[in-house]
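Quick notes on the structure that follows.
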Amino acid sequence: MKKRTLLITAVIFALVAVPAMAMQGHDSHGSGSGHDMKSDKNMDQDAHGKEMDNTSMGGMFKHHDSMDGMNADFQVMSLASMNMTSDKGETHHIMVNLSRADGGTPIKNAVGKIKVVGPEGKEQVSTLKNYSGILAANFTFKEPGKYGVICLLKNEDKKQVFKFWYHHM
């Protein structure tokens, strides 16, 4: 009888706890990023070895980085969560808000491109459109997995590259 009770308890735990723990690891959707961020932060380092902050809340993924006097605040959102659709079949919207690191003054005249590399290695490249200082582009994330996001920005005579991982589920 004890073995049967122990077995039933183990099965219930597996059915309830394991999916709950798995949901914590979904950066792009869900209520939190409570999974082991140490491994992700170790992977999310720029060329200078500094950690980059990744957070997610309710279908929106946020990433902040700072480099050479420029702050870049990225957001990745599903078009569906924004009540939007794309006639090209795109599923997600990536936007970046730029500001000067020395005082937070918005940078409104930057231009750039974003390349997204999917888990299968397929690349998508899009020119960022400027919406009153917020740069944005749409992409298609069909398969779950880890997507590399590489953003090349040009402001005045400076070129900067920001990179981060987006986990799509």
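The values are calculated or read from the model by the stated rules, or taken from the named source; none is laboratory data. Since the structure is predicted, the reported quantities are computational estimates derived from the model, not experimental observations. Heads up, the Cβs are rebuilt from the backbone with ideal geometry, glycines too, and the neighbour counts pull from every protein chain shown.
Only one of the numbered conditions (1) β-branched (Val, Ile, Thr); (2) touching a Lys or Arg at 6+ places or on another chain (Cβ under 8 Å); (3) over 28 Å from residue 66 (Cβ atoms) is violated by residue 111, and that is (3). Identify, by number, the condition in (1) more than 13 Å from residue 162 (Cβ to Cβ); (2) charged (D, E, K, R); (3) modelled with pLDDT under 90 that residue 100 doesn't meet. With respect to (1) more than 13 Å from residue 162 (Cβ to Cβ); (2) charged (D, E, K, R); (3) modelled with pLDDT under 90, residue 100 is out only on (3).
Residues in the stretch 98-122 that are within 14 Å of the chain's Cα centre (by Cα) and either part of a strand (DSSP E or B) or surrounded by fewer than 13 Cβ atoms within 10 Å (Cβ to Cβ) (or both): 114, 115, 116, 117.
Scanning the stretch 76-97 for residues that are free of Cβ contacts under 8 Å to residues at least 24 places away in the same chain and surrounded by 17 or more Cβ atoms within 10 Å (Cβ to Cβ) returns a single hit, 77.
For the stretch 123-169, give me each residue that is surrounded by 15 or more Cβ atoms within 10 Å (Cβ to Cβ), of a type in the set (A, V, I, L, M) and either outside any strand (DSSP E or B) or in contact with a Phe, Trp or Tyr (Cβ under 8 Å, 6 or more places away or on another chain) (or both). 128, 149, 150, 153, listed by residue number.
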